[in-house]
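See structure below.
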Amino acid sequence: MRAKIFTVIFAAVLIVCGAASLYIMKHKTPASIVLIKSDGKVVRRIDLKAVTRPYEFEVKAEYGYNRIYIDGDGIRITDADCPDKICIRHGVLKSNFSPIVCLPHKLTVIFENADGNIDAVTD
Amino acid sequence: MKKIIFTLTIMLFLSSCSPINSAKDKISADFYAMDTPMVLTAYGDNAKPAIKAIKTEIIDLDKKFDRKNEDGELYNFNINGKVLVSDDLADIIAKSVEISDLTGGAFDITVSAIMDLWGFYDQNYTVPDDALIQKKLEKTGYKHITLDGNLLTAISMLDLGGIAKGYASDRAMKILKSYGVSSAILSLGGNILAYGTRPGGGYWNVGIEDPVQTDKVIATVEVSDKFVVTSGTYQRFFEKDGVFYHHIIDPKTGYPADNGLTSVSVIADSGTLADGLSTGLFVMGLEKAKEYLMAHPEIGAVFIDRDSTVYYTPNLSGVLKTDAKKTALF
């Protein structure tokens, strides 16, 4: 009898744990943590969900500066002294398929977590 | 009841173990080299020393192959035109010439002089005078490259930007093998090496960037131990007087290849070949590329045209997924 009760409790625990882990895996919160990397090193980590009012800051490196602006629409580069300004024209960071990259300044703005079940993107 | 418990235990194990383990065993490095971001990720035992060795190798190759690096070999060669070069530089030049032969000159590392005219290197974009292009064309062409052992001679400047990342990814694969790594995904500026299997098992899922909406993928391919490389018009371009000019120059005309394609992705067993072919097949255009691919069934390729139609080689039919309109190439 005791063994039977133990078995039932064990089965119940397994069901709850299994269901919980499946739920967590399938309901991952969308990416909101953004990493700003300078030459491969993380210099800022920003939770876009925690942003209550727009603000901006500069990332300065030996190569030059990039001005980064964050508001309710997301994160983007608004000014930089790089020659091509591709990072500014990129606009708001929308997905990791297309991180904001400033090649001359070796700066990357990217979501911390990868999108979906795609492991890498060729471009 | 025992059967139920067993089944549930397996379910619990499967549902919870792989993401946690893969995260714990994951080693990543990202840095800039070869004028582009590199993201290296490997899993499991030996992942850390393997990634470190790959990073060192890429930086070393970059120094040798970068034509702008005044301390580098290629820079030195482009000034002198006749130099005894290292085995690495001789090897990549030899492989580049092989791919030029394979593609009938559609891929050509001497096209850099023309690229310079268009301003694709320094972003000083301009539409060059046709007479200037024709004059430069006289002094370009891979047939002018000679390699006698390690003695390299050419009448034109060389640029390895269209093949160096692929070559480096081949080296990366050798390093992964030597360290016994079983699972790694590397992006050398968008040149992908999908090595072994995903940490939880199964194929790697590689997305192909949408040439129109570049924050999305237009298709995915499931691969293992393959190199996936793309050349697209959207990577570097400018518009002047309402005309769109992109950076994939046809070495025969000196003008951007204008054949209705917007991107070509190549899936192959060699990174060097995939890199060179992605440019070469783009320049060849759909029909000539089709002939080449029919004769080389081991190569996979995905073409996207201006209407966002996806053309693919039949060997990808089971692994290519897309919501776009798609057609088998043959």
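Only the coordinates and a few stated rules stand behind these numbers; no lab work does. What you see is a predicted model, and the numbers here were worked out from it, not measured in a lab. With ideal geometry, Cβ positions are generated from the backbone for all residues, glycine too; neighbour counts draw on all protein chains shown.
Across the range A:72-82, rounded Karplus estimates of 3J(HN,Hα) from the backbone phi angles (6.51 cos²θ - 1.76 cosθ + 1.60, θ = phi - 60°) give x, 7, x, 10, 8, 9, 9, 7, 6, 9, 6 Hz, Gly and Pro being marked x. Treating each Cα of chain B as one equal point scatterer and applying the Debye formula with no solvent, the log10 of I(q)/I(0) at q = 0.08, 0.10, 0.11, 0.14 Å⁻¹ comes out as -0.40, -0.61, -0.73, -1.14. Taking the longest Cα principal axis of chain B as reference, the axis of helix B:271-295 is set at about 80 degrees. Mean silhouette area of the range B:49-198, derived from the convex hull of its C-alpha atoms and averaged over all directions, reads 10.3 nm². Simple point charges give the picture: +1 on the Cβ of Lys and Arg, -1 on the Cβ of Asp and Glu, and for the range B:220-277 a dipole about the Cα centre of about 140 debye. Of the residues B:L74, B:Q123, B:G276, the one whose Cα sits farthest towards the positive end of the charge dipole of chain B is B:G276 (charges of +1 on Lys and Arg Cβ, -1 on Asp and Glu Cβ, taken about the Cα centre).
Charge tally around B:D129: other residues with Cβ under 11 Å, Lys/Arg +1 each, Asp/Glu -1 each, net +1. Going from the residue with the fewest nearby Cβ atoms within 10 Å to the one with the most, A:R67, A:R76 rank A:R67, A:R76.
For the range B:262-323, the spread of Cα positions along the three principal axes, ordered from largest to smallest, is 29, 26, 19 Å. Annotation: amide H of B:V217 within the under-5 Å range of B:D210, sequence separation 5 or more or interchain, hydrogens built in the peptide plane. Where only DSSP H runs of four or more residues are counted, the protein assembly as shown gives -11000 deg cm²/dmol as its mean residue ellipticity at 222 nm, each run worth -39500 (n - 2.57).
Within 10 Å of the Cβ of each residue in B:180-188, the mean number of Cβ atoms contributed by other protein chains is 1. Per residue, the convex hull spanned by the Cα atoms of the protein assembly as shown measures out at 169 cubic angstrom.
Axis angle, to the nearest 10 degrees, between helix B:87-102 and the longest C-alpha principal axis of chain B: 80 degrees. Listed values for the range B:55-70 are Karplus-derived 3J(HN,Hα) couplings in whole Hz (6.51 cos²θ - 1.76 cosθ + 1.60, θ = phi - 60°), namely 4, 4, 5, 4, 5, 5, 5, 4, 4, 6, 9, 7, 6, 9, 7, 4, and x replaces Gly and Pro.
Could you calculate the FRET efficiency of B:F237 with B:K325 from 1/(1 + (r/R0)^6), where r is the beta carbon distance between them and R0 is 30 Å, rounded to 0.05? FRET efficiency, B:F237 to B:K325: 0.80. Each residue in B:M284, B:M115 was given a count of other beta-carbon atoms within 10 angstrom of its own, and listing them fewest first yields B:M115, B:M284.
With the cut-off at 29 Å, tell me which of the pairs B:K252/B:K325; B:K82/B:K252; A:K85/B:K165; A:K85/B:K240; A:K37/B:K325; B:K135/B:K216 have Cα atoms farther apart than that. Pairs exceeding the cut-off: B:K252/B:K325; A:K37/B:K325; B:K135/B:K216. Each residue in B:I79, B:I59, B:I267, B:I99 was given a count of other beta-carbon atoms within 10 angstrom of its own, and listing them fewest first yields B:I79, B:I59, B:I99, B:I267. In summary, the range B:134-281 shows an alpha-carbon radius of gyration equal to 1.21 times the 2.2 N^0.38 Å reference for compact globular proteins. Overall, the range A:33-111 carries a charge dipole of about 220 debye about its Cα centre when +1 sits on the Cβ of Lys and Arg and -1 on the Cβ of Asp and Glu, all other atoms neutral. On a per residue basis, the convex hull of the C-alpha atoms belonging to the range A:33-111 measures out at 77 Å³. Rounded to the nearest 10 degrees, the angle from helix B:2-24 to the longest Cα principal axis of chain B is 30 degrees. Electrostatic tally near B:S265: other residues with Cβ closer than 10 Å to its Cβ, Lys and Arg +1, Asp and Glu -1, net -2.
For the segment B:228-236, counting C-beta atoms of other chains within 10 Å of every residue's C-beta and taking the mean gives 2.
Work through the residues other than B:L147 whose Cβ is under 14 Å from its Cβ and net out their charges, Lys, Arg +1 and Asp, Glu -1. Summing Lys and Arg as +1 and Asp and Glu as -1 gives -4. Across peptide B:201-208, the mean count of Cβ atoms from other chains lying within 10 Å of each residue's own Cβ comes to 3.
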